Every structure is written in C-alpha cells, then in structure tokens.
Amino acid sequence: LATPRTIWSGQTLGQTNASAERKRLVPAGQYVYGLVLGLQPTLAGPLLDDVAAGTPQRFAWAWALDPTIPDEAPTWPGALGWEVPGPGQLEQIRERGRAGFTTHSVGIAASICDEVQSRALARVRGEVEIDSHEAHADLLRLKVAALLTILDGGLEVTEEDWGLAGT
C-alpha cells in the first residue's frame, strides 16, 4: 500500500535494486497516474483499516448500488469531446510554473484557496477536529476539481468545478 500512497502524493517512485539494469526510478513530478478500484464491500476492509498510514484518505469512495436507477437506460451521450492538451496549453502550464504557481499545474480560484486554508488553520489551532478518514479530503477534492477543469478545457479551478468535485 506504500506505492499507491507515494503515487498519490507525486513523490519519487521505484526501487534501487542490486544491479543497474534492475533499478527503476521515476522522479517526483515527472508522471501522472490514475487508479480506479472496484471492490466488494467485504474486501475493502484492509484499505479502510489503514487509516494511520493514510491509505483510505487518498481514495474517492463511491457506492455502486443505486435503488433509484430507472428501468429505461438513458440515451448514450456519445464520446467525451476531450483531447490531450496540445503544445499551446502545455506551454501555458509551464509558464504558470515560472510565474509563481510552483505547486500547481492548474490555477485555483482565490476563494477556494481561502476556504481550504481556513479549514487547515482551524484544525491546527484545535478549533475543529476531523475524522481521521477525512485527513486528505481537501487535497483529494482539489485533485478531482482540477481533473474536471481539464476535462472541460480549462486551466483554472472555478467555484463550479469545486462544487461539483464536492458532490
């Protein structure tokens, strides 16, 4: 479980084995990784029990049962109209990195930053206590909001993206 936690945080990934040909290292910030798991509830226990190490906090959990699903399936909406960011967009992301956005490839609305910082300060000051399963909730929500922003063709997380990510 240490490897998915490392990946989620964007840290250096790999192993240094005895020989050069068996050495596998991927530097921090040089990869993008997505992981989707489908688990039966009884098999999710080990992940949920790994709270002290931070494993369950790094997953967005969703229940696959929905008693309100209608008998008639909706019409197929078609493929997503998304394309891999082109050279122009990638250059914009690189420029943002040089312009002071050192920890983010995608911008975040100031009101969202204020909200996240306010919650973090309240925790550090002991004004609120959160469940240990929620320790990474804001960062997970920011990651989901950034993905929604990119899927929508944007490079700035808006209040709308933030709200949808919290749904």
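The values are calculated or read from the model by the stated rules, or taken from the named source; none is laboratory data. Model, not experiment: these values are computed from the prediction. Heads up, the Cβs are rebuilt from the backbone with ideal geometry, glycines too, and the neighbour counts pull from every protein chain shown. Side chains included, ligands, DNA and RNA excluded: accessible areas come from the protein's heavy atoms. Shrake-Rupley method; radii C 1.70, N 1.55, O 1.52, S 1.80 Å.
The table for this structure:
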| quantity | calculated |
| --- | --- |
| Local net charge near Thr16, Cβ-Cβ under 10 Å (Lys/Arg +1, Asp/Glu -1) | +3 |
| Ranking by accessible area, most exposed first, for Lys23, Lys143 with a 1.4 Å probe | Lys23, Lys143 |
| Difference of contour (0.36 nm per residue) and Cα-Cα distance, Lys143 to Glu129 | 2.8 nm |
| Ile69-Glu156 FRET efficiency (beta carbon distance; Förster radius 30 Å; 0.05 resolution) | 0.30 |
| Burial order of peptide ranges 26-39, 59-72 (average beta-carbon count within 10 Å, highest first) | 26-39, 59-72 |
